[in-house]
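The values are calculated or read from the model by the stated rules, or taken from the named source; none is laboratory data. Keep in mind that what you see is a predicted model, and the values were worked out from it rather than measured. Glycine also receives a Cβ, built like all others from the backbone with ideal geometry; neighbour counts cover every protein chain displayed.
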Amino acid sequence: MRVFPQLAALLVTGATLATVPKPGMARATAVDEPLARQASWSLPPPADVRARVLAWVEGEIVAGTAAAAAADRASAAWAEVEDRDGGVLDAAWEAIAATATWAPMVRDGATAGPPDDQAVPPFVGDVVRLWSARELVRQDRFDEALPILSGLDVATSADPATVLFLRGACQHALLEGDAALESLDRLLEREGELPARYARIAKLLRSDVSTLQTDSLDHIARRMRDAGRRLALGRAGDDTRAVQDEVVASLDRLIERLEDQQQGAAPQQAAAGGAGGSGRGQAGTPMSDSRIAGGRGAGEARPRDFAPGESWGDLPPHERERVIQQIGREFPPHYRDAIERYFKRLATDGEAP
């Protein structure tokens, strides 16, 4: 099974990511299974995340860095997004964006987090960076999103499921197989608490990356597409050239392996041809050099009696057509043309050319 390249990005683009199950959603966890291992992370209660975000908003207002109406805007933004299937990340971001004067810079992509001159709590800064990383993934900018995601702590994140999902998706897209397996396995530790699309896509990505073989044609083709993606984004720097160089090196290794296989098969075919006395190997290929085949026969052809008017090389019309059709199927077109000319010469001259 193969998962299409950028599949995770398409899912992220086509649907809003949720991390906390809606009321009534099954909450069976891996712990419910007798042999399941203990999960290494947990989902924070949405109420706790909301309290921490709104506490920062109120602190900003007291400090005089935001308008008095910012708290109301933040609360309304949280409620509006939380009522949808948007989850904690969107709700937290909208509440922060309603307060922070620097939020437009983040929306425009000028910065992937709070500006350096802004003193914000790590919890708030991580929400902003996670939101920015998700936007980068939606734009297929996996190589830019992954460093941000790698710097986020799952244990303290407001939305650890999204951190692990996006991290695994980026590592899958960038063909970092072992790292992708680690991220996806960790995400699936709480499979029963994840949104259905997270769990399903994580399983698909995991199955795909676990069967991908290094330097296979599939692996090479994916790296070619990755190089094309980078170029389409205007990233023609050292990293892109490194990917292209790796593709060329993999192709060279693949060609070398094929040549070694052919060279190893040649002596076996020659030995089989000599032992059989037919001058051909088991695959029916001719000898590489003209030489005495060393067969055990007497070397005499059986005489044939020709009917009146019959000569050497004559075939009944239906047999002749069958031979020509078979040659057309098994050999290049110029062989068929040569055989047809041969039979025409026989028909007109009565002898082989």
Task: Test: residue in region 147-168 that is free of Cβ contacts under 8 Å to residues at least 12 places away in the same chain, among the hydrophobic types (A, V, I, L, M, F, W, C) and assigned by TED's automatic domain parsing to the domain that holds residue 44 - done: no
Counting only residues in region 117-140 that are of a type outside the set (Asp, Glu) and assigned to a loop (DSSP other than H, G, I, E, B), the one farthest from residue 56 (Cα to Cα) is identified as 139
Expected single match for at pLDDT below 75, buried (at least 17 other Cβ atoms within 10 Å of the Cβ), small (Gly, Ala, Ser) and in a loop (DSSP other than H, G, I, E, B) among 36, 66 is 66
Residue count, region 83-116, condition outside any helix (DSSP H, G or I) and either in contact with a Lys or Arg (Cβ under 7 Å, 6 or more places away or on another chain) or among the charged types (D, E, K, R) (or both), comes to 7
For this session: Looking only at region 141-157, decide whether some residue is farther than 24 Å from residue 185 by Cβ and either at pLDDT 90 or above or not in a helix (DSSP H, G or I) (or both).
Result: yes
- In this structure, is residue 207 buried (at least 24 other Cβ atoms within 10 Å of the Cβ), part of a helix (DSSP H, G or I) and touching a residue at least 12 places away in the same chain (Cβ under 8 Å)? no
Out of (1) free of Cβ contacts under 8 Å to residues at least 24 places away in the same chain; (2) surrounded by 18 or more Cβ atoms within 10 Å (Cβ to Cβ), the one residue 185 does not meet is (2)
Residue pairs within 7 Å by beta carbon, gap of at least six or interchain, first lying in region 213-225 and under 17 Å from residue 256 (Cβ atoms), second of a type in the set (Ser, Thr, Tyr) and in a helix (DSSP H, G or I), listed first then second, are 215/250; 220/250
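Do you know which residues across region 233-259 are part of a loop (DSSP other than H, G, I, E, B) and free of Cβ contacts under 8 Å to residues at least 40 places away in the same chain?
234, 236, 237
Taking the condition of being under 23 Å from residue 48 (Cβ atoms) and in contact with a helix residue (DSSP H, G or I) (Cβ under 7 Å, 6 or more places away or on another chain), how many residues in region 157-191 meet it? Can you show your working first?
Let us first name the residues in region 157-191 that are under 23 Å from residue 48 (Cβ atoms), namely 157-167, 186-187, 189-191.
After this cut, where a residue has to be in contact with a helix residue (DSSP H, G or I) (Cβ under 7 Å, 6 or more places away or on another chain) as well, the list is 157-159, 161-167, 186-187, 189-191.
Residues that pass the stated criteria total 15.
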